[in-house]
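Q: Take a look at the following structure, please.
The values are calculated or read from the model by the stated rules, or taken from the named source; none is laboratory data. As the structure is a prediction and not an experimental result, all values here were calculated from the model. Because the Cβ atoms are built from the backbone with ideal geometry, glycine has one as well, and the counts that use them run over all protein chains shown.
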Amino acid sequence: MQPMLTPLNLELIQKALGTRDSWLEVCAILLCFAVGWWADRRIRLASKRESRVASFGAGSVNRLIFPLTTLVLLLVIQAVVRHWHAPVFFPIAIPLVIALALIRLFVYALRNLFGARTAVLASERAISFTIWGALLLYYIGILPEIGAALEETRLPIGRIEVSLLDLGRDALAVIVVLILALWISSLIEQRLMRVTHFDSNLRVVLAKLFRAILILVGVLVALSFVGVDLTVLSVFGGAVGVGIGLGLQKLASNYIAGFTILLDRSIRVGDMITVDNRFGIVSKVTARYVVVRSLDGVEAIVPNETLVTTTVLNHSYTSKEVKIGIPLQVAYGTDLDLAMRLMTEVALAQTRVLRATAIAPVINVLGFADSGIELELAVWINDPENGQANLKSALNVGIWKAFQQHDIEIPYPTRNVRILGASRRDLAVGTSQPLA
């Protein structure tokens, strides 16, 4: 069987260009590329319209449409051409398409794992240059010589000697397997997060479990591929156990507490909680920590052990409804019925205030103070993540305007000062000067 990748024979290519069959072969190759490009355009447009094509890893599948379609066509036509003559240009075109598919696959995996960062962009260029450069070196016949030189260079590792070629190949295999494991786990996590009939915490637990299993399987496969005896992992596992027992207790307790929180569903993404004097929304739950985003935009990373060992106020554990109280005073000569009616109208004018019978706005008379009658407007909302101070401000402004229109006085403290043992002259003088 003829190998798929062979160095270029320039003399053979020059002779082939003088025959009609070789030019038909070149035309067939160009036709395969054109059909692959057409199929790529058609499927991409269809996927944009329906948004359901290739739902499992759609980005990676779309990137591979052109090279895979072209590769299949090239392989089929090459098998047909072999019945007439030995193909010359197909063994050149097929590795180019495979290299393009590998580049697009690795680039997508890196972007999916790490995002569009500067280091990722540099890694994409490095991968592209490495694959194209290796292919070019092989075509011109230099790569086999480089491989032979690396094979002859050996490094002593313990009792054995390992060549640089083996080290590079084994390191590449480990990196590729781990990237594939992380990529597949991220795809599974994306699918799980779109399953709405599962609890959010259960989806997070399953995603973390799949990621751990795939990474473990990937490491075992990579180690077995490079020839490492897996029985030595028992010694490594014992060392890890000793390390956890001596110096990694906090880290281990955070992970255990994290899975406990995810499984008992005491804290979910989107909950309003108060923990360690921090109030905010749970924006992210991981196996080691929970991110609490306060209403002013500050994010606190709280270790899971803190959530398990301390008291946590979950304001939306069973319901997101939150009560907001607006205390104020009115003068003693005020018509209480009118004041309470105006406060109720101001509260109902706010769209965020709930109007159900059990949680409708209520005005309570708290007591009779020195300066006036103490009232409290109590309202309920079900979107505390949108802020409470802004609603309090709107209610206070509305009450102030309503009271101004109806001449309802909001009293301020007054004090009467009596000076004992002073003469009339001192009092007369004192009335014309401010008291210190």
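Q: Of LEU182, LEU167, LEU137, which residue is part of a helix (DSSP H, G or I), surrounded by 15 or more Cβ atoms within 10 Å (Cβ to Cβ), touching a strand residue (DSSP E or B) at 6+ places or on another chain (Cβ under 9 Å) and at pLDDT 70 or above?
A: Testing whether each residue is part of a helix (DSSP H, G or I), surrounded by 15 or more Cβ atoms within 10 Å (Cβ to Cβ), touching a strand residue (DSSP E or B) at 6+ places or on another chain (Cβ under 9 Å) and at pLDDT 70 or above leaves just LEU167.
Q: What is the residue count in segment 185-202 for residues that are modelled with pLDDT of 75 or more and of a type in the set (Ser, Thr, Tyr)?
A: 2
Q: GLU305 - would you say it is more than 23 Å from MET193 (Cβ to Cβ), outside the structural domain of ASN382 (by TED's automatic domain parsing) and at pLDDT 85 or above?
A: yes
Q: Can you name the residue in segment 316-333 that is touching a helix residue (DSSP H, G or I) at 6+ places or on another chain (Cβ under 6 Å) and within 16 Å of GLU374 (Cβ to Cβ) and is also surrounded by the fewest Cβ atoms within 10 Å (Cβ to Cβ) among such residues?
A: Taking the candidates together, the pick is ILE326.
Q: Conditions first: (1) within 22 Å of VAL219 (Cβ to Cβ); (2) surrounded by fewer than 13 Cβ atoms within 10 Å (Cβ to Cβ); (3) modelled with pLDDT of 75 or more. ILE160 passes all but one, so which condition is the exception?
A: (3)
Q: Okay, moving on. Among the residues of segment 319-344, count how many are assigned to a loop (DSSP other than H, G, I, E, B) and under 53 Å from the mean Cα position of the chain (by Cα).
A: Here the count works out to 3.
Q: When you go through LEU395, LEU391, LEU336, LEU313 one by one, which is the residue that is surrounded by fewer than 16 Cβ atoms within 10 Å (Cβ to Cβ), more than 30 Å from ASN254 (Cα to Cα) and modelled with pLDDT of 85 or more?
A: None of the others qualify; the one that does is LEU336.
Table: residues versus (1) in contact with an Asp or Glu (Cβ under 7 Å, 6 or more places away or on another chain); (2) more than 25 Å from THR414 (Cβ to Cβ).
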position	(1), (2)
VAL346	no, yes
GLN350	no, yes
ALA360	no, yes
LEU366	yes, no
GLY372	no, no
TRP380	yes, yes
ASP383	no, yes
GLY387	no, yes
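Q: Suppose the filter is surrounded by fewer than 16 Cβ atoms within 10 Å (Cβ to Cβ), at pLDDT 75 or above and more than 27 Å from ILE43 (Cβ to Cβ); does ALA126 pass it?
A: no
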